Amino acid sequence: MDRITVFTARRIHTMDPGRPTASAVAIADGRIVSVGTLDSMAPWLRRVDHDIDDRFKDDVLMPGFIDPHTHLRMSGTYMGLHYVGPIESHGPQGPVAGLNDRDAVLARLTELVEAQNDPDRPVITWGYDPGMQNGHLDRDMLDRISDEVPIWVLSYAPHIVYTNTPMMERTGVTEDTTAHGIGRYPDGRLNGWFIETRAVGQATRPVQAEVYRSGFGYDALLRQSRVAVRNGITTVADLGWGFESFENEWNDHAKASGDPGFPLRMVLIPFDVRLVTKFGDDRFDYLKSMRAQGNDKLSVHGVKFINDGSYPSMTLRLNFPGYLDGEEGLTGETQWADMVDCMLPYWQAGIQIHSHANGDQTVDMTLDTLAELQLRHPRFDHRFTVEHYCISTVAQGKRLAALGGLASVNPYFVHYRSLIHADSGFGPDRAEATARLGTLREAGVTFALHSDFNLVVGPMAPLTAAWVAVNRIAADDETVMAPGERISVMEAMRAVTIDAAFVLRRDHEIGSLEVGKLADLAILEDDPFEVAPGALRDVPVKGTILGGVPYLSSDQDG
């Protein structure tokens, strides 16, 4: 060490239970040298030249927040498309207003078709939300707008593409097509839906050049890194590496992380179906080679399986009594009967598995799979993680604990969507008990909180996630949803720091402020442990410190 920098603060919450609070943190070469007081770290300061930085002396410091399930690069695919979603979004020209309901969306699509000078050029849009905008679109609705101009609508949670007849014809789908995820009306006719990864990919091929525009990915990472700083986030994981292109996605992330001023660590988790399709039996060699290229700002981890649909798109899989209106949801591309055999090679190779399971039927299948994996090849510290874990039961929480599994949970739906889905999709019981964190706590399951940003209607804001988890207040700002599933402030803050790091197998490097760990911190103007629980989401974030370098929210324009 040539020099130490010491940041002082009103209070530092370390998330180290042995030494929970401090007033100073000493940093050198991007890592923590000491945490405590100026007096306690005097043995270091007497021996090494140092600077005392008091700019945060009136603020509160914590470990940098971690969002262990995001899709920051993919968000860039949408920013140049016409937006038809329910909340305000952003496009190339700035803010874009949301549309209240399906009729408003159909009117907007009509305007876009009428403004289309070239009838052969598709109208390409994104952001539709069937839960918030009064139900799904379908082929007949879109044909009434135009049976000549192709229309392509991607849902906000990108699990469904809706098309009219001209667009559907460009995909090559016919009435004889039997591929997974091709939607049909009750009478058997094609309804213009393309559901889940393979079908969405097929629907996207005719418009790929416009959806995946040159430079969109790198620009998206720069834009979303600024969002991260403003919300105290220093590490994210992308749970979809390979959706578009392993090479293109890696290159964009490498370019961004290679900039010394880029204020974010990123973990890439590959999607199994894409790995198998592109690399086959060589996929383990590929992953090994890419892990070797990683560094402390960009790394490769685990593998992702998608096993059902989306909560907001109402395509997940439910046990009895199912959906309110008789929908069935959809499984992922991997057949459930084949799941053990598909996961087993990763399991035997010691690779951590992240298994997307939104509905309770899918959680059952996932737990059955984990149990069989343990029988075939027992493992300790496998950290098998159920991703999203939206609709579940008390029994499933206990079984997850018994099998040694983890959960990465999206709590935002409790606030943003539970009232919607009580009457649309899942019914009042399941909507109220979405994201059973209290059950997981009682069962002894380690869990993290994530956003899935920005593939769902909700922010990437860990303090808001913690607020939802602690209070469970619905969108009317008064109804408490399943009060027994509330957790403490400490448990919520662990779920966005040290427990999120554990889920990503990075808890030896990040997630708490301990000697030797990377010097990543969130800078807060109030103390989340002292404000009223109802005010957690209102704690101002001044910025972050990544590897000892401060990044202030006030400097993050755009």
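Here are the numbers for this structure:
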{"quantity": "Cβ-based net charge around residue 526, under 12 Å, with every Lys or Arg adding one and every Asp or Glu removing one", "calculated": "-2"}
{"quantity": "Over the stretch 370-447, relative contact order from alpha-carbon pairs under 8 Å, at least 6 apart, %", "calculated": "35 percent"}
{"quantity": "Reciprocal mean inverse distance between Cα atoms of the stretch 304-487 - Kirkwood radius, Å", "calculated": "16.4 Å"}
{"quantity": "Packing-based exposure ordering (other Cβ within 10 Å, fewest first) of 177, 197", "calculated": "177, 197"}
{"quantity": "Three-way shape call for the stretch 404-558 based on the alpha-carbon gyration tensor, with the a/c threshold at 1.5", "calculated": "prolate"}
{"quantity": "Whichever lysines have a C-alpha closer than 20 Å to that of residue 57, once near sequence neighbours (fewer than 8 apart) are set aside", "calculated": "542"}
{"quantity": "Fraction in percent of alpha-carbon pairs per bin - 5 Å, the stretch 238-349", "calculated": "2, 10, 18, 19, 15, 12, 11, 7, 4, 2, 0"}
{"quantity": "Karplus-derived HN-Hα couplings along the stretch 64-77 (A = 6.51, B = -1.76, C = 1.60, θ = phi - 60°), whole Hz, x at Gly and Pro", "calculated": "x, 5, 10, 10, x, 7, 9, 8, 5, 5, 4, 4, x, 5"}
{"quantity": "Fraction of antiparallel bridges per DSSP, the chain only, in percent to nearest 5", "calculated": "45 percent"}
{"quantity": "C-alpha long axis of helix 102-114 to longest principal axis of the chain, angle in °", "calculated": "70 degrees"}
{"quantity": "Percent of beta bridges antiparallel (DSSP, the stretch 78-211, rounded to nearest 5)", "calculated": "60 percent"}
{"quantity": "The stretch 136-217 - charge dipole about Cα centre, Lys and Arg +1 at Cβ, Asp and Glu -1, debye rounded to 20", "calculated": "320 debye"}
{"quantity": "Long-range HN-HN contacts of residue 31 with modeled amide H, under 5 Å", "calculated": "519"}
{"quantity": "Cut-off under 5 Å, modelled amide H: who pairs with residue 191 long-range", "calculated": "183, 184, 185"}
{"quantity": "Estimated vicinal HN-Hα couplings, Hz - the stretch 14-19 in sequence order (Karplus 6.51, -1.76, 1.60; Gly, Pro = x)", "calculated": "8, 6, 9, x, x, 9"}
{"quantity": "Unit Cα scatterers, Debye sum, the chain: log10 I(q)/I(0) for q = 0.05 Å⁻¹", "calculated": "-0.20"}
{"quantity": "Whether the stretch 450-528 is rounded, prolate or oblate, judged on the alpha carbon gyration tensor where a/c under 1.5 counts as rounded", "calculated": "prolate"}
{"quantity": "3J(HN,Hα) from dihedral phi, the stretch 372-380, Karplus parametrisation 6.51/-1.76/1.60, rounded to Hz, x for glycine, proline", "calculated": "5, 4, 5, 5, 6, 8, x, 9, 9"}
{"quantity": "Selection from 334, 311, 405 lying farthest towards where the dipole of the stretch 304-487 points positive, charges on Cβ", "calculated": "405"}
{"quantity": "Computed lengthening from residue 121 to residue 58, 0.36 nm per intervening residue step minus Cα-Cα distance", "calculated": "17.0 nm"}
{"quantity": "All lysines inside 16 Å of residue 255 as judged from Cα atoms, apart from same-chain residues fewer than 8 positions distant", "calculated": "297"}
{"quantity": "Where labels lie 7 Å past Cα in the beta-carbon direction, separation of residue 175 and residue 148 in nm", "calculated": "2.5 nm"}
{"quantity": "Under 17 Å from the Cα of residue 288 - lysines, other chains or at least 8 residues apart", "calculated": "278, 304"}
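Bear in mind these aren't lab numbers, they're just calculated from the coordinates by the rules spelled out. All values derive from a computational prediction rather than experimental measurement. All Cβ positions, even for glycine, are placed from backbone atoms using ideal geometry, and neighbour counts span all protein chains on display.
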